[in-house]
Structures are given as structure tokens and as C-alpha cells.
Amino acid sequence: MDSQDGTQQPHLVLAHKRFLLTHPDVQDIEKVRLKEEVFAMVKADDMATFYETLAEESVLDMDQSVLDTMRAKIDEEIKKFDENPSVDLDLDFASVNTEGKTQDGSAEIIGLDGIRVFCSSDGRKQGIRIADAEENLGESEVREAHLAKSLFYIQIGDKEKALEQLKITEGKTVAVGQKMDLVFYTLQLGFFYMDFDLISKSIDKAKNLFEEGGDWERKNRLKVYEGLYCMSTRNFKKAANLFLDSISTFTTYELFPYDTFIFYTVLTSIISLDRVSLKQKVVDAPEILTVIGKIPYLSEFLNSLYDCQYKSFFSAFAGLTEQIKLDRYLYPHFRYYMREVRTVVYSQFLESYKSVTIEAMAKAFGVTVEFIDLELSRFIAAGKLHCKIDKVAGVLETNRPDAKNALYQATIKQGDFLLNRIQKLSRVIDL
């Protein structure tokens, strides 16, 4: 399940295509293409269990012959692991020496680094045999053999067996860095299935491992994983802070491309940061400036908010809604995010006034008076905006709370509560 530098993990690409297949806003003609792509990816990796799940959900049509073929291939591969086990290793065959042949006619090859591999009679590489590694080689080769079996289960989408085999591999792993890599495999599996319990436990496990040691590159990668988890569970403020901390050291291409990372960073920052922090960390950030122009509507969305160009902001906001709705991680929070963004922009507008006419505000946003009146009524009733609507005069009057007064009232309330608790405790002691 590992991916090359700069390449998104294929199974996460598959998960996104599956999400689009079940999305109500995706056109039928597009779903036909997506269906073919999903089926091809599932078939290529022999994802039998996942194929059955998709068929049960009516995402794909069940073809029993294809399923039987997948299962046969899986059984054959597992048999190789269990009865005559071997794992794939990327070795340069120009630098190995043939030592002899095994009983089945395959060539036994000893690499210059001492790693023993086998080639079939047709020259196809088979890899280390696990039994041979346990008897004749070191612990690292045994670990690599078990890791290969773990990755095979991940590849075919067998979640339970993959987690079980990863646990066995961890038991044979000593280095903290290698243990962290196993956690990253688990996290990728968690994001594929959107198993937030598994993701949360894996993140906590990774943090505990870092107390034993660990390099900065893996620590920075973990921040992105945790940021994605926080964003997916509606903790946008923490997600924004984690993304901003990783913006100059981003290497987590297996999760998503850098453009998508910037997209998430800007969206989470807008509803989490104050104007000063937004200017310093996002609007003027060179890493964001180099990419933001490639993402439709995002630059206008960010800069129009900071420059108080509210009509342009609403126009860009409308353009971004489609991208947010079609994002696998943001879609469940689409309505919440829409409300939070509107709360931020309305609050920013009203911050400059003690009173303002509804007509003036509607004109600034490029909408009707009726729309603004309905919008503000909902936000005021929900306690999101601190203002009053004078419907007769057509005026908005702000009544921003005094922070010091609020702190004073909270202190008094907590003091009364503490005194009551002390009095109850004194009665018990007297008895």
C-alpha cells in the first residue's frame, strides 16, 4: 500500500471514486465512466471482499466468475506465503551471484548484501522464503517477509487480516521509525474505510512512539494525518493549526496532492483564524501563493474576504461549493461549513458598524434584502451573531458582548458554585 514520492496512494484514489459513484450530484454519464474505473481497479488488485461490498451496495454489478477468479488468485498467493512463503524485494539482479538450484528447479540467488532470494525457472523473482529467512537469515529479513504479507492483505482490501498481520510484523520490529511506518500503513487503511476509531487509536499510538524517539520527517507526516482526521471529524481549528505547521515540510503525497493540501489549509484557516493571523499565516504565505492560483475560485475566496469585497466573496463562495460537496472528507460537513463561513463574513461586516441598514448590507453582498433578513434572523436566533434587527426602520443594531464583563460574570457564577459546594461539604463534616 506504499506509494512513490509525489503519487497519491492508489487505494485512496479508489475510495474517492467509490464516493463519487454514490454521490447524488454526480451525473449519470460520469458515473458510467467511474464504474468502469472502479471495477478495473478492484479487479487488478483482486479485492474480492471489497468487490462483494460494492455489489451489496449496488455500486457494481456482481459477476460471480470474476469473484471466483479473484478468490482463486488470493488463495494461491496466500498458499505461497504459508506453505512455500516468499516476498517480493526490489533487488538489482545485475549485482547478484547464482549459487545453485532448489529441488523445484528455481535458481537460488545470494545478493551481495547477503539477502537470499529465489527465481523461478523462467527467471521471475519470487523473493525471500519466510521459512528460510527464519532459519538462515537475520531478524530484519524475517520482518520484511511478514511485512510483505501485511501489504498483500492491504492490497486485496482485507482489513481484518491486514491489521492482524501488521500486529505480527510489529512484534518483529525493533526500530521506532519502522514501527511508525506500520502505523502509517494502518492510518491509510483507516482513511480508506473511514474508520475514525482506528485512525484515532493509531494517531495516539504514533504519539506514544515518538516519546521513545523518531525523526522529524515522520513527525511532520503525522501532523498531516492528524490534521486530515481532525478536519474529517469537524475539528477545523485544530486541523488548520496542524496543516499550517506542515505547510513548508509537506511530504505526505500518499494522502493527497499538494494542491489539495493547500485547498484544505485555506478552507480550515478561514473559519478558524482571526484577521491578523489569517494575513500572516495564509494570505501572505509564500507556499500558499505559489499554488493557490491553480485552484479555481480559492484565491478570490480568500482575498475577497480579507479585503472586505463581499460581493466577490459570495461569487467565489458559490464556485467553491461544488468542490466542497464533491470532496470525500468535507462532504459530511458541507452544511456546517457553509454556516460557519457565513458567520465569519457577516461578523466581519458588522464589526465595523454600531448600526447599518439592511439595504446597505444586502447591496454590499450583492443579494436581496429579503435574503439578508432571513439569513441574519437564523444566525441571531442561533446565537451566532450579536445584533438586533429593527424591522420597522430596516436597521441592524450590533450589541457585541463586553469581554471583560463576560469574564466578570463567569467568575461570579463559578464563585457562587464553589461556595455552595463548600457549604455542602461542611455540613457533611459536621455530621
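The values are calculated or read from the model by the stated rules, or taken from the named source; none is laboratory data. Model, not experiment: these values are computed from the prediction. Note: ideal-geometry Cβ built from the backbone for every residue, glycine included; neighbour counts use all protein chains shown. In case anyone asks, the SASA skips ligands and DNA or RNA and just uses the protein heavy atoms, side chains included. Shrake-Rupley method; radii C 1.70, N 1.55, O 1.52, S 1.80 Å.
Being modelled with pLDDT of 95 or more and closer than 30 Å to Phe261 by Cα narrows it down to one of Tyr329, Tyr346, so name that one. Walk me through how you get there before you give the answer.
On the way: Tyr346 fails: modelled with pLDDT of 95 or more.
Result: Tyr329 is the single residue among Tyr329, Tyr346 that is modelled with pLDDT of 95 or more and closer than 30 Å to Phe261 by Cα.
Please work out which residue is modelled with the lowest pLDDT, limiting yourself to the stretch 396-419 and to residues that are of a type in the set (Gly, Ala, Ser) and either surrounded by 10 or more Cβ atoms within 10 Å (Cβ to Cβ) or under 30 Å from Glu370 (Cβ atoms) (or both).
From the stretch 396-419, those of a type in the set (Gly, Ala, Ser) are 403, 406, 410, 415; that's our starting set.
Filter again for either surrounded by 10 or more Cβ atoms within 10 Å (Cβ to Cβ) or under 30 Å from Glu370 (Cβ atoms) (or both), leaving 406, 410, 415.
Values: Ala406: 67, Ala410: 79, Gly415: 87.
The selected residue is Ala406.
Answer with yes or no whether Tyr353 is of a type outside the set (A, V, I, L, M), in contact (Cβ under 8 Å) with a residue 12 or more places away in the chain and open to solvent by 60 Å² or more (accessible area, probe 1.4 Å). Spell out the reasoning first.
Numbers: of a type outside the set (A, V, I, L, M): yes; in contact (Cβ under 8 Å) with a residue 12 or more places away in the chain: yes; open to solvent by 60 Å² or more (accessible area, probe 1.4 Å): yes.
In short, yes.
Can you run down the residue pairs with Cβ atoms below 7 Å, 6 or more apart or on separate chains, where the first is in the stretch 174-189 and free of Cβ contacts under 8 Å to residues at least 60 places away in the same chain and the partner is hydroxyl-bearing (Ser, Thr, Tyr)?
Lys179/Thr173; Leu182/Thr169; Leu182/Thr173; Val183/Ser202; Thr186/Ser202; Leu187/Ser202; Leu187/Tyr225
For Thr252, state whether it is closer than 19 Å to Ile199 by Cβ, open to solvent by 40 Å² or more (accessible area, probe 1.4 Å) and under 12 Å from the mean Cα position of the chain (by Cα). So that I can check it myself, show each step before the final result.
On the way: closer than 19 Å to Ile199 by Cβ: yes; open to solvent by 40 Å² or more (accessible area, probe 1.4 Å): no; under 12 Å from the mean Cα position of the chain (by Cα): yes.
So Thr252 does not fit the description; no.
For the stretch 272-283, does any single residue satisfy the condition of being touching a Phe, Trp or Tyr at 6+ places or on another chain (Cβ under 6 Å), free of Cβ contacts under 8 Å to residues at least 40 places away in the same chain and not in a helix (DSSP H, G or I)? Steps first, answer last, please.
Taking the stretch 272-283 as the starting set, the residues that turn out to be touching a Phe, Trp or Tyr at 6+ places or on another chain (Cβ under 6 Å) are 272, 283.
In the following step, the residues that additionally are free of Cβ contacts under 8 Å to residues at least 40 places away in the same chain were identified as 272, 283.
Still in the running and not in a helix (DSSP H, G or I): 272.
Yes, the stretch 272-283 contains at least one residue that is touching a Phe, Trp or Tyr at 6+ places or on another chain (Cβ under 6 Å), free of Cβ contacts under 8 Å to residues at least 40 places away in the same chain and not in a helix (DSSP H, G or I).
If you check every pair at least six apart or on different chains, which have Cβ atoms under 6 Å apart with a residue in the stretch 53-78 that is within 19 Å of Lys35 (Cβ to Cβ) first and a residue that is among the charged types (D, E, K, R) and open to solvent by less than 70 Å² (accessible area, probe 1.4 Å) second?
Met70/Asp46
Going through the stretch 351-396 one residue at a time, which ones are more than 16 Å from Phe313 (Cβ to Cβ) and part of a loop (DSSP other than H, G, I, E, B)?
Those that are more than 16 Å from Phe313 (Cβ to Cβ) and part of a loop (DSSP other than H, G, I, E, B): Tyr353, Lys354, Thr368, Ala382, Gly383, Lys384, Leu385, His386, Lys391, Val392, Ala393, Gly394.
Quick one: would you say Thr268 is among the polar types (S, T, N, Q), at negative phi and surrounded by fewer than 20 Cβ atoms within 10 Å (Cβ to Cβ)?
Details: among the polar types (S, T, N, Q): yes; at negative phi: yes; surrounded by fewer than 20 Cβ atoms within 10 Å (Cβ to Cβ): no.
Considered against the rule, which asks whether it is among the polar types (S, T, N, Q), at negative phi and surrounded by fewer than 20 Cβ atoms within 10 Å (Cβ to Cβ), Thr268 comes out as no.
Is there a residue being touching a helix residue (DSSP H, G or I) at 6+ places or on another chain (Cβ under 7 Å), in a loop (DSSP other than H, G, I, E, B) and open to solvent by 10 Å² or more (accessible area, probe 1.4 Å) anywhere in the stretch 221-237?
Yes: one or more hits.
Would you pick out the residues in the stretch 12-31 that are open to solvent by 80 Å² or more (accessible area, probe 1.4 Å) and part of a helix (DSSP H, G or I)?
Of everything in the stretch 12-31, those that are open to solvent by 80 Å² or more (accessible area, probe 1.4 Å) and part of a helix (DSSP H, G or I) turn out to be Asp28, Ile29.
Can you tell me which residues in the stretch 143-197 are in a helix (DSSP H, G or I), open to solvent by 50 Å² or more (accessible area, probe 1.4 Å) and within 24 Å of Lys79 (Cβ to Cβ)?
Glu144, Gln155, Glu160, Lys161, Glu164, Lys167, Ile168, Gly171
Taking only pairs six or more apart or across chains, which ones have beta-carbon atoms under 9 Å, a first residue in the stretch 290-316 that is in contact (Cβ under 8 Å) with a residue 40 or more places away in the chain and within 18 Å of Ser277 (Cα to Cα), and a second residue that is open to solvent by 10 Å² or more (accessible area, probe 1.4 Å) and outside any helix (DSSP H, G or I)?
Cys308/Ser352
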